[in-house]
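Undergrad: There's a structure below that I have some questions on.
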Amino acid sequence: MTVTAQQRGIARCTTCGKLSRITTTSQAQSWHCTRCAAPLSFRQPRSLQRSWAYTLAAAFLMIPANILPILTVISFGKGDPDTIMSGVVKLWQADLQAIAAIVFIASIAVPVIKLMIIIILILAVQLHLPLSKQQCTVLYRFIHFIGRWSMLDLFMISILVTLVHLGNIATVESGPAATAFAAVVVLTLFAANSFDPRLLWDLDND
Amino acid sequence: MTNASQIPKGLTACPDCDLLLHTSDSDHRQEGHCPRCAATLWHASNPSADIDLAAAVSGLLLFIPAMSLPILKLDMVGQLGSNSLLGGVVRLWLENEHLLAVLILLCSLLAPLMHLLLTTMIGISIRLKRYPRYFPAWLKCKVWMQSWSMLEVYAMGIIVAYVKMMDPGEVSVASGTYCLVGLLLCIILCSQYFHEEQAWQYWEQRS
Ligand SMILES: [Zn+2]
Ligand SMILES: [Zn+2]
């Protein structure tokens, strides 16, 4: 028989980890942690709604991020705009398969997989899907671990625009997709942080 | 605003699945894991507790050279180019990529700096046993900054940029990269050996 903290009226502070006893008798009353003064609740408030909002916004911005050029190499006055995917293809064709794979994983695979996993997790809670809680929790930890690696392409842009700034010979300019992609990365990070994994385990308790 | 009432010692709740557990002091000698979802519940209490402070101070010393020295150098048909962390942010801002510039400023500069600075401040105040009113704010800010500090991803970005530019020009690693590697090591040590729960307990038992 497993007992959760919520069943005993105990809330874990998400900021400092301290346990406190709170009651839900009056809605207007708000509880605060005695150790760090952060607001207390049993579960992250409106976790699923916020996750949905960030996920849908990120999914929508994936379109401009992948269609528009992200990087333009101007060599002797001749511009050569690249989208994320065409950049990967060019690296591959230049026999730089390892780097092409890294960029592909960081810029395309990670954001897509991350959004898919978040949607699966939200649906698992909302539709009571019969998925293994252990495996869902592993997926949740996985998206937290890989999320930050999507920043790779953006860091590379900031390195290249500064490094290759050689007047007439060659310059590198960032394209409109860079801002869209930055927004995708930030929104997916927010989406992952908004999801409360305890909601998955609550399905077992009802 | 109501302050929640205390609960007895020896109870732990899993952050990932909310399982309520009874623990004894002897359990805390080793790392603790949740029996239901395998989350890490606490870290082993480490006797060599000065590593976090030492790493944070070393990181701060390396910070300015790592940010301002050139990271890569490029030679294309006799024209020389170089980049630094700070230079990358300035360049993007000048090219009107303001959102991108701010994000990169946060993840590669501001967050690592604040992470090291706050760890130093917290470490010193714990060792002096003097806890200022802002101690909880420092701790909260440290956790937030740590989550946005992405220098390890930046290091991978350097490798990708290096390989990408090998073909069209002559690219070489410059002094900033070595400082950055040192800084990265300090940040990793600093994150590994700093335990928030312990810092919160010091704050709670201050008086
Ligand atoms: Zn708290
Ligand atoms: Zn657990």
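The values are calculated or read from the model by the stated rules, or taken from the named source; none is laboratory data. It should be emphasised that the depicted structure is a prediction, and the values quoted were computed from it without experimental measurement. With ideal geometry, Cβ positions are generated from the backbone for all residues, glycine too; neighbour counts draw on all protein chains shown. To get the accessible areas, we keep the full protein, side chains included, count just its heavy atoms, and leave off ligands, DNA and RNA. Shrake-Rupley method; radii C 1.70, N 1.55, O 1.52, S 1.80 Å.
Undergrad: Enumerate the calculated ³J(HN,Hα) couplings along region B:184-189 in order (Karplus 6.51 cos²θ - 1.76 cosθ + 1.60, θ = phi - 60°), each rounded to whole Hz, writing x wherever the residue is Gly or Pro.
TA: Ordered by residue, 3J(HN,Hα) equals 4, 4, 4, 5, 5, 4 Hz.
Undergrad: Also: How large, in percent, is the carbon and sulfur part of the accessible surface of chain B at a probe radius of 1.4 Å?
TA: Roughly 61 percent of what the probe reaches on chain B is carbon or sulfur.
Undergrad: How large is the helix-only mean residue ellipticity at 222 nm for chain B, computed as the sum of -39500 (n - 2.57) over DSSP H runs with n ≥ 4, divided by its residue count, in deg cm²/dmol to the nearest 500?
TA: Calculated mean residue ellipticity at 222 nm is -17500 deg cm²/dmol.
Undergrad: Tell me the carbon and sulfur percent of the accessible area for region A:1-124, rounded to whole percent, probe radius 1.4 Å.
TA: 67
Undergrad: Further, regarding this structure: In Å², what does the accessible area per residue of chain A work out to with a 1.4 Å probe? Provide the component values of the computation, followed by the final result.
TA: Numbers: 9170 Å² over 206 residues.
Here the residues of chain A average 44 Å² of exposed surface.
Undergrad: Rounded, prolate or oblate: which fits chain B when a ≥ b ≥ c are the square roots of the eigenvalues of the alpha-carbon gyration tensor, with rounded for a/c under 1.5 and prolate only if a/b beats b/c? All intermediate terms of the calculation are to be shown ahead of the outcome.
TA: Details: a/c = 2.44, a/b = 2.24, b/c = 1.09.
Taking the square roots of the gyration eigenvalues as a ≥ b ≥ c, chain B is prolate.
Undergrad: Taking every residue in A:100-111, how many Cβ atoms of other protein chains lie within 10 Å of its Cβ, on average?
TA: The shielding value for this peptide is 1.
Undergrad: Let me ask another. Taking the 0 to 90 degree range and rounding to the nearest ten, how far is the long axis of helix B:151-166 tilted relative to the main principal axis of chain B, both from C-alpha atoms?
TA: 20
Undergrad: Also, I was wondering about something else. Going by average Cβ neighbours within 10 Å, how do the peptides B:75-86, B:29-40, B:103-114 rank, with the highest at the top? Mind dumping the intermediate values first?
TA: Details: B:75-86: 17.8, B:29-40: 14.9, B:103-114: 21.7.
Listed from highest to lowest mean packing, they are B:103-114, B:75-86, B:29-40.
Undergrad: Right, another one. Determine the per residue accessible area of region B:1-140 with all protein chains present and a 1.4 angstrom probe, expressed in square angstrom.
TA: Details: 7140 Å² over 140 residues.
Heavy-atom accessible area per residue stands at 51 Å².
Undergrad: Principal axis lengths of the protein assembly as shown from Cα atoms, whole Å, largest first?
TA: Taking the Cα atoms of the protein assembly as shown, the three principal extents are 72, 53, 37 Å.
Undergrad: Here's something else I'd like to know. Relative to the first principal axis of the alpha-carbon coordinates of chain B, what is the inclination of helix B:135-148, with its axis defined by its Cα atoms, in degrees from 0 to 90 and to the nearest 10?
TA: 50
Undergrad: Rounded to the nearest 0.05, what FRET efficiency do B:V173 and A:S30 give with R0 = 35 Å and r taken as the Cβ-Cβ distance? Could you check?
TA: Rounded to the nearest 0.05, the efficiency is 0.05.
Undergrad: If you average 1/r over all unlike Cα pairs in region B:102-207 and invert the result, what Kirkwood radius do you get in angstrom?
TA: Roughly 15.6 Å, rounded to one decimal.
Undergrad: Relative to 2.2 N^0.38 Å, what does the C-alpha radius of gyration of region A:116-206 come to as a ratio? Two decimals please. Let's see the in-between values first.
TA: Working: Rg = 19.1 Å, N = 91, 2.2 N^0.38 = 12.2 Å.
In units of the globular-protein estimate, region A:116-206 measures up at 1.56.
Undergrad: Can I ask one more? Amide H to amide H, which residues 5 or more places from A:L71 or on other chains are under 5 Å from it, using H placed in the peptide plane?
TA: A:D82, A:G175
Undergrad: So, one more: What trypsin sites (Lys or Arg not before Pro) does region B:119-179 have in DSSP loop regions with at most 12 other beta carbons within 10 Å?
TA: The qualifying sites are B:K129, B:R130, B:R133.
Undergrad: As a test of the formula, what do you get for chain A when each DSSP H run with n ≥ 4 contributes -39,500 (n - 2.57) and the sum is divided by the residue count, at 222 nm and rounded to the nearest 500 deg cm²/dmol?
TA: Values: 8 runs with 109 residues, N = 206.
Taken over chain A, the calculation gives -17000 deg cm²/dmol.
Undergrad: If each Cα of region A:133-178 is one equal point scatterer, what is log10 of I(q)/I(0) from the Debye formula at q = 0.31 Å⁻¹?
TA: Log-scaled intensity ratios, in q order: -1.04.
Undergrad: May I pose another question? Kirkwood hydrodynamic radius, computed over distinct alpha-carbon pairs, for region A:46-202: how many Å, to one decimal?
TA: It works out to 16.8 Å.
Undergrad: Could you tell me how many degrees, from 0 to 90 and to the nearest 10, lie between the Cα long axis of helix A:176-194 and the main elongation axis, the longest principal axis, of the Cα atoms of chain A?
TA: Orientation of helix A:176-194: about 20 degrees from the principal axis.
Undergrad: Sticking with this structure for a sec: Work the Kirkwood hydrodynamic radius out for region A:1-127: mean of 1/r over every pair of different alpha-carbon atoms, inverted, in Å.
TA: Working: mean 1/r = 0.0526 Å⁻¹.
It is 19.0 Å.
Undergrad: Running a GNM on chain A with Cα contacts under 10 Å, which residue among A:R43, A:R148, A:R35 ends up with the highest mean-square fluctuation?
TA: Looking only at A:R43, A:R148, A:R35, the largest GNM fluctuation is found for A:R35.
Undergrad: Then there's this: With the crude spin-label approximation of a point 7 Å out along Cα→Cβ, what separation in nm comes out for A:Q126 versus B:H22?
TA: 4.1
Undergrad: Further question on the same structure: Given q = 0.16, 0.18, 0.27 Å⁻¹, what are the Debye log10 I(q)/I(0) values for region A:51-92, with equal point scatterers placed on the Cα positions and solvent ignored?
TA: So the normalised log intensities are -0.53, -0.61, -0.88.
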